[in-house]
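The numbers here are math on the coordinates, done by the rules we state, and not lab data. Not measured: the values here are computed from a predicted model. Here the Cβ positions follow ideal geometry from the backbone for every residue, glycine too, while neighbour counts run over all protein chains shown.
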Amino acid sequence: MRKKWLALLLTLSLLLSGCVIEIHLPETQASVSEAGLTVHFIDVGQADCALLECGGEYLLIDGGNRDDGQLIVSYLEQQGVESLAAVVCTHAHEDHVGGLPSVLAVYPTKAVYAPTKTYSSKIFDSFLYYVDQQRLTVTIPAPGDTLSLGEAVLTVLGPVKTYPDPNNTSIVLKVEYGDTAFLFTGDMETDAENDMLDWWEGRMDFGCDVLKVGHHGSNTSTGYRFLNEANPTYGVISVGEGNDYGHPHEEPLSRLKQAGVIILRTDKLGHVIAFSDGETIRFTWENQNVQPEDAEPADTRFIGNKNSRKFHSPGCANLPTEKNQVIFDSYQEAIDAGYAPCGSCLG
């Protein structure tokens with residue numbers, strides 16, 4: 001607990017002292033203190049929690065595990081939070097809902113969103129209890145619903161279907177402020193990502209500057225197609241050091257790096273804070289002895305099959321013979337040439 005308090009104080013001292021690191025950003029006259037939207041990716045270990053601030057209003061996305069409740073409340077207190085415009089529980093798993101009862105017990109909240117009102121777990125029941133104590137009801141948002149936070153606009157992109165796996169029921173939010181955008185995906189996995197892309201095809205731009213990487217960097221999320229549509233500059237992975245799942249997995253890390261995404265991991269950097277002035281995004285983080293992981297593209301080629309008109313990653317077991325191969329320098333180039341992604345290696 002003492003370490004968590006020290007970590008929190010270090011983060012606050014960085015903010016107060018103006019110690020800000022720019023990562024490959026264009027020069028701008030706007031200072032961090034003038035940023036209109038601040039996104040705190042709170043380090044809650046093997047869990048998720050993000051605090052958004054814009055125009056003097058605050059919104060919380062997820063609440064970590066049960067044991068993270070007091071840390072989150074303390075963090076919100078230090079940020080001067082007195083009430084919340086909304087709380088979003090992306091899905092019912094404990095590592096996303098666990099700390100929300102502690103938050104709702106302390107902070108008056110105007111609205112609460114979740115993909116379900118029923119789930120068989122004591123911690124979800126506790127979440128519902130504190131929602132009820134505030135005389136609120138859980139709202140299940142639909143794709144296309146919008147929320148406002150100051151001048152920021154949040155659009156619900158998914159889920160677009162019902163699923164038995166709670167991960168795939170994750171609420172997906174695109175947060176837009178000026179010309180900048182953040183994308184929060186909860187733990188949504190590749191099949192549901194693709195369903196969402198199909199549902200919105202031609203009607204929604206998934207492009208973002210910052211992607212909260214799905215499912216703590218699991219290989220089941222952040223598929224090639226979704227990553228191509230989102231096309232982020234930065235990817236934030238909320239993950240616990242030495243976790244039992246081996247997150248983040250090497251495959252999504254490779255996909256991110258091949259796509260030129262700069263990776264910021266909470267298990268290495270601690271709390272990660274992004275500031276947007278509507279045109280550019282700046283970052284600071286808790287552990288200043290560590291730097292984000294620059295994109296280091298390895299083999300970014302994709303290999304098409306002239307006969308099947310499908311294209312593959314270089315390591316796919318179903319590669320065509322050399323005489324039937326056509327080489328593409330990017331995923332989008334293959335799509336534009338009329339090739340379809342291989343279902344085995346590219347989802």
- Item | Student exercise, the stretch 236-347 dipole from Lys, Arg, Asp, Glu Cβ charges, in Debye to nearest 20 | 560 debye
- Provide the FRET efficiency to the nearest 0.05 for the D244-S74 pair, computing r from the beta carbons and using R0 = 22 Å. 0.25
- Item | For the stretch 302-341, share of DSSP beta bridges that run antiparallel, in % to the nearest 5 | 75 percent
- Message: Could you list C345, C316 so that the one with the fewest beta carbons within 10 Å of its beta carbon is first and the one with the most is last?
- Response: C316, C345
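How many percent of the alpha carbon pairs in the stretch 186-329 exceed a separation of 27 Å?
Working: 2926 of 10296 pairs.
Within the stretch 186-329, distances greater than 27 Å cover 28 percent of Cα pairs.
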- Query: In debye to the nearest 20, how big a dipole does the chain give about its Cα centre with +1 on each Lys and Arg Cβ and -1 on each Asp and Glu Cβ?
  - Reply: 560 debye
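What are the semi-axes of the equivalent ellipsoid of the stretch 42-171, taken as the square roots of 5 times the eigenvalues of the Cα gyration tensor, listed largest first and rounded to whole Å?
Taking √(5λ) for each eigenvalue gives 20, 18, 14 Å, largest first.
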- Note on the structure: Given the candidates N219, G55, V88, the one whose Cα lies deepest towards the positive end of the charge dipole of the chain, counting +1 at each Lys or Arg C-beta and -1 at each Asp or Glu C-beta, is N219
- What number, in percent, do you get for the relative contact order of the stretch 302-341 if the mean sequence gap of Cα pairs under 8 Å and at least 6 apart is divided by its residue count? 49 percent
- Message: Can you divide the C-alpha Rg of the stretch 302-341 by 2.2 N^0.38 Å and report the result to two decimal places?
- Response: 0.98
- Message: Let me check against my output: what whole-number percent is the relative contact order of the chain, with C-alpha pairs under 8 Å and at least 6 apart?
- Response: 15 percent
- Message: Once each part is reduced to its C-alpha centroid, what is the distance from the stretch 145-171 to the stretch 101-140 in angstrom?
- Response: 17 Å
- Counting only DSSP beta bridges with both residues in the chain, tell me the antiparallel percent, nearest 5. 70 percent
- For an R0 of 25 angstrom, estimate the FRET efficiency from the Cβ-Cβ distance between A317 and D191 and round to the nearest 0.05. 0.75
- Message: I need L256, L149 ordered by Cβ neighbour count within 10 Å, fewest first.
- Response: L149, L256
- Gyration tensor over alpha-carbon atoms, the chain, equivalent ellipsoid semi-axes in Å: 34, 23, 18
- Query: For the stretch 174-299, what is the relative contact order in percent, using Cα pairs closer than 8 Å and at least 6 residues apart in sequence?
  - Reply: 23 percent
- Could you order peptides 191-204, 209-222, 56-69, 275-288 by the average number of other Cβ atoms within 10 Å of their residues, highest first? 209-222, 56-69, 275-288, 191-204
- Query: T169: net charge of surrounding residues, Cβ under 10 Å, Lys/Arg +1, Asp/Glu -1, itself excluded?
  - Reply: -1
- Query: Scanning the chain for helices, which whole DSSP H stretches are 18 Å or more long along the axis (Cα) and average 0.5 or more by Kyte-Doolittle?
  - Reply: 2-17
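With charges only on Cβ, +1 for K and R and -1 for D and E, what is the dipole size of the stretch 101-226 about its Cα centre, in debye, rounded to 20?
The calculated dipole for the stretch 101-226 is roughly 480 debye.
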